[in-house]
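The values are calculated or read from the model by the stated rules, or taken from the named source; none is laboratory data. Quick caveat: nothing in here was measured; it's all calculated off a predicted structure. All Cβ positions, even for glycine, are placed from backbone atoms using ideal geometry, and neighbour counts span all protein chains on display.
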């Protein structure tokens with residue numbers, strides 16, 4: 001059975017862990033701060049990636065028997081500008097970046113691209129006569145979870161569970177939102193009470209009828 005969502009680490013615990021790791025790192029490697037990689041607006045050339053990639057890649061590769069997809073996907077991700085968009089102008093370069101070489105490098109890369117597209121991990125548009133001119137990478141978390149839920153691809157349950165467990169460990173908000181139970185249905189509106197029936201109209205009684213009724217009453221013992 002798939003694992004259920006469990007409480008994620010709190011923000012306070014996460015900050016405490018980061019602080020502890022920093023102190024431990026400095027004690028083991030005093031010059032680590034000067035030698036480690038840094039990213040940000042002043043340090044270009046880096047790509048941000050989800051911490052779930054190892055688990056996601058394992059599930060992805062199992063969806064394409066004998067033809068791993070993750071190297072091709074990772075190369076695409078590293079060619080984005082952190083916006084999920086790639087302009088492909090050199091297919092040979094992308095094939096080599098994906099780990100392929102030789103005369104069949106581009107053809108093998110194209111086969112992997114088609115499989116990624118069939119699975120929904122990428123979307124493509126033609127350009128300049130090329131099948132793969134522009135590429136969009138949607139949120140891979142959503143793609144994998146939807147495949148597992150809807151049975152649209154044979155995602156292994158063990159791969160899915162490992163992915164969800166890691167996502168919970170790193171407090172992946174998008175995954176937490178997708179796994180949150182749906183809100184309870186709104187209560188049904190109460191039945192509208194029936195409108196009261198209109199009163200019967202009064203009948204005008206003639207004076208003779210009144211006198212006759214009084215007389216009949218007087219005759220009774």
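Tally the residues that are assigned to a loop (DSSP other than H, G, I, E, B) and surrounded by 13 or more Cβ atoms within 10 Å (Cβ to Cβ), restricting the search to region 103-158.
The initial filter retains those residues of region 103-158 that are assigned to a loop (DSSP other than H, G, I, E, B), namely 103-104, 119-122, 128-129, 137-139, 151-156.
In the following step, the residues that additionally are surrounded by 13 or more Cβ atoms within 10 Å (Cβ to Cβ) were identified as 119-122, 137, 139, 153, 155-156.
Looking only at that region, the number is 9.
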Every listed condition ((1) part of a helix (DSSP H, G or I); (2) in contact (Cβ under 8 Å) with a residue 24 or more places away in the chain) holds for residue 26 save (2)
Residue 173 meets each of (1) exposed (fewer than 15 other Cβ atoms within 10 Å of the Cβ); (2) within 22 Å of the chain's Cα centre (by Cα); (3) in contact (Cβ under 8 Å) with a residue 24 or more places away in the chain with one exception, condition (3)
Residue set 75, 59, 95; condition in contact with a helix residue (DSSP H, G or I) (Cβ under 9 Å, 6 or more places away or on another chain), in a helix (DSSP H, G or I), at pLDDT 95 or above and over 25 Å from residue 159 (Cβ atoms); output residue 95
Going through (1) at pLDDT 95 or above; (2) more than 28 Å from residue 161 (Cβ to Cβ) one by one, residue 144 fails only at (2)
Within region 33-64, of all residues that are without any contact (Cβ under 8 Å) to a residue 24 or more places away in the chain and within 29 Å of residue 120 (Cβ to Cβ), the one nearest to the chain's Cα centre (by Cα) is 53
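Under the condition of being part of a loop (DSSP other than H, G, I, E, B) and under 15 Å from the mean Cα position of the chain (by Cα), which residue from region 176-192 is modelled with the highest pLDDT? Lay out the reasoning, then the answer.
So in region 176-192, the residues part of a loop (DSSP other than H, G, I, E, B) come out as 180-192.
Next, from what is left, pick out any that are under 15 Å from the mean Cα position of the chain (by Cα): 180-182.
Working: 180: 88, 181: 85, 182: 79.
Here the answer is 180.
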